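**Student:** My questions will all concern the structure given below.
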Amino acid sequence: MSSSLSKSDALAARAEQRRAFLNRAGWAAAVATPMTGDASTRSYERLVLDGRKAILMNAPAAAESAACPPEASPDERRKLGYNAMARLAGPNLNAFLAVAETARKSGLSAPEIFFADPATGFALIEDLGDDLYARAIPNGADEADLYGAAIDALLALRRAAPDAPATPGYRMLTYDPVAMEAEITLVLDWYWPHVKRAAANDDQRAEHLAAWRPVLEKLAPPSLMVLRDYHAENLLWLPARDGFRRAGIIDFQDGLFGNPAYDLVSLLEDARRDVAPELAEAMIRRYAEGAARQGAFDEAAFRRDYAILGAQRNAKILGIFARLINRDSKPRYADFFPRVEAHFRNDLKHPDLAPVATFYRTHFGDRF
């Protein structure tokens, strides 16, 4: 009973914070409609007031473990938990605000921030509509046109070469080996027992990291801001805008200073929708040609990094989806396994991934 009352009290307190925030923002009289959320602890509402629209982002600070302090050591990050290890934004709304500002300065169509209170975790942001790529394409939008705009947005980000954003209360960190290893370890924590019905032992865990480490060491050093979750359900089609600004971006608060191949992999090896190999290759060529026009560009190294980061990302996704199924009781994520596994198998064909491919084929057989 006390637990129930405590939860009720927390909900009431959050509702009061929301009311106070909207009052300060001048949107207290707005009509609010809940929006479909994502796999995070954030929630969203569409607000309408006197013909104006906005999105209310609700990111309660207590809902996630701590973000990564800028100077934290690997051991300190492990003690703080997964958010700190993987350098996720966690409860820090300043991350969203800083990345949005940096992206907009680079010309990208990130939401404008109308009003925000990082202390309470509320932000009132521009409403970019509902026309997600994942909806627009099945409804008849030209897939190549949409993906081309998304590639050109990444080239604009590359051209601007923004430094890692820094604002009061936030400093963007680097996508470092600790973060990458934390993500691939999700395979052992969740996907392994989901498939094998038994936990991985210490020797298998050590073997897993030993296979990955020399591969990850081959990656080119971080060179620019990566948005980290750049795919068809986080991109909005804005046909009234020009050029790459037709690709609206959302859900980028976990961005890090990293390798530019990562966002391309996120877009073209999408866990939730198929991208034809021919289209994916055309988009990689589009990016490579655009990057070469901007200056020195090593396409062979980029394609190597694309394969390595594709494998790293897909390993992470397998672990995350298994966690959503088994810990969070969201069985629908099992439907995505065949696609992610197919991406992973294809990534493992690259010769630079041989140690990782050997590990997975040894322990998962024909699955990889």
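**Student:** Among the residues of the range 66-118, what is the count of those that are polar (S, T, N, Q), under 17 Å from the mean Cα position of the chain (by Cα) and more than 24 Å from Ile151 (Cα to Cα)?
**Tutor:** Residues meeting the conditions: 3.
**Student:** State which residue is surrounded by the most Cβ atoms within 10 Å (Cβ to Cβ) when the search covers only the range 246-269 and only residues that are part of a loop (DSSP other than H, G, I, E, B) and out of contact with any Lys or Arg (no Cβ under 8 Å at 6 or more places or on another chain).
**Tutor:** Taking the range 246-269 first, the residues part of a loop (DSSP other than H, G, I, E, B) are 250-255, 259-260, 269.
Next cut, out of contact with any Lys or Arg (no Cβ under 8 Å at 6 or more places or on another chain) only: 250-251, 253, 259.
Numbers: Ile250: 23, Asp251: 19, Gln253: 26, Asn259: 22.
For the range 246-269, the residue satisfying everything is Gln253.
**Student:** Sticking with this structure for a sec: Which members of the range 346-366 meet the condition of being surrounded by fewer than 17 Cβ atoms within 10 Å (Cβ to Cβ) and either touching a His at 6+ places or on another chain (Cβ under 8 Å) or small (Gly, Ala, Ser) (or both)?
**Tutor:** Ala354, Gly365
**Student:** So, one more: Can you say whether Leu154 is buried (at least 19 other Cβ atoms within 10 Å of the Cβ) and under 30 Å from Ala292 (Cβ atoms), as far as the supplied structure shows?
**Tutor:** Against the criterion (buried (at least 19 other Cβ atoms within 10 Å of the Cβ) and under 30 Å from Ala292 (Cβ atoms)), Leu154 qualifies.
Quick grid of which residues meet (1) under 25 Å from Leu93 (Cα atoms); (2) not in a loop (DSSP other than H, G, I, E, B):
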site: Asp130; (1), (2): yes, no
site: Arg135; (1), (2): no, yes
site: Ala149; (1), (2): no, yes
site: Asp163; (1), (2): yes, no
site: Leu209; (1), (2): no, yes
site: Arg228; (1), (2): yes, no
site: Pro239; (1), (2): no, no
site: Phe244; (1), (2): no, yes
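**Student:** Then there is this: Do the conditions hold for Thr358, that is, is it touching a residue at least 60 places away in the same chain (Cβ under 8 Å) and either outside any helix (DSSP H, G or I) or of a type in the set (Ser, Thr, Tyr) (or both)? Don't jump to the end; show me each part of the working.
**Tutor:** On the way: touching a residue at least 60 places away in the same chain (Cβ under 8 Å): yes; either outside any helix (DSSP H, G or I) or of a type in the set (Ser, Thr, Tyr) (or both): yes.
Yes: the conditions hold for Thr358.
**Student:** Kindly establish whether Ala282 is surrounded by fewer than 20 Cβ atoms within 10 Å (Cβ to Cβ), in contact (Cβ under 8 Å) with a residue 40 or more places away in the chain, closer than 24 Å to Ala103 by Cα and of a type outside the set (D, E, K, R).
**Tutor:** Details: surrounded by fewer than 20 Cβ atoms within 10 Å (Cβ to Cβ): yes; in contact (Cβ under 8 Å) with a residue 40 or more places away in the chain: yes; closer than 24 Å to Ala103 by Cα: no; of a type outside the set (D, E, K, R): yes.
In short, no.
**Student:** While we're on this one: When you check Asn346 against the structure, is it farther than 18 Å from Val195 by Cα, of a type in the set (S, T, N, Q) and modelled with pLDDT of 95 or more, yes or no? Spell out the reasoning first.
**Tutor:** Numbers: farther than 18 Å from Val195 by Cα: yes; of a type in the set (S, T, N, Q): yes; modelled with pLDDT of 95 or more: yes.
The answer is yes for Asn346.
**Student:** Name every residue in the range 65-86 that is crowded, with 20+ Cβ neighbours inside 10 Å and touching a helix residue (DSSP H, G or I) at 6+ places or on another chain (Cβ under 7 Å), in order of residue number.
**Tutor:** Within the range 65-86, Ala67, Cys68, Arg77, Ala84, Met85, Ala86 qualify.
**Student:** Next question. Restricting the range 165-181 to residues that are assigned to a loop (DSSP other than H, G, I, E, B) and hydrophobic (A, V, I, L, M, F, W, C), which is surrounded by the fewest Cβ atoms within 10 Å (Cβ to Cβ)?
**Tutor:** Just the residues of the range 165-181 that are assigned to a loop (DSSP other than H, G, I, E, B), to begin with: 165, 168-169, 172-173, 175-176.
Adding the requirement that they be hydrophobic (A, V, I, L, M, F, W, C) leaves 172-173.
Working: Met172: 23, Leu173: 20.
This residue is Leu173.
**Student:** Yes or no: Leu155 touching a residue at least 40 places away in the same chain (Cβ under 8 Å), under 21 Å from the mean Cα position of the chain (by Cα), more than 24 Å from Ala322 (Cα to Cα) and part of a helix (DSSP H, G or I)?
**Tutor:** yes
**Student:** Of all residues in the range 285-301 being out of contact with any Gly (no Cβ under 7 Å at 6 or more places or on another chain), among the charged types (D, E, K, R) and assigned to a helix (DSSP H, G or I), which is surrounded by the fewest Cβ atoms within 10 Å (Cβ to Cβ)? Before the answer, list the steps.
**Tutor:** Pass one, the range 285-301, residues out of contact with any Gly (no Cβ under 7 Å at 6 or more places or on another chain): 285, 287-301.
Okay, now just the ones that are also among the charged types (D, E, K, R), so 285, 289, 293, 298-299.
When the remaining residues are screened for being assigned to a helix (DSSP H, G or I), the result is 285, 289, 293, 299.
On the way: Arg285: 12, Glu289: 12, Arg293: 10, Glu299: 15.
Per the stated criteria, the residue is Arg293.
The values are calculated or read from the model by the stated rules, or taken from the named source; none is laboratory data. All figures in this text were calculated on a predicted structure; none of them were measured in a lab. Here the Cβ is made from the backbone with ideal geometry for all residues, glycine too, and neighbour counts use every protein chain on show.
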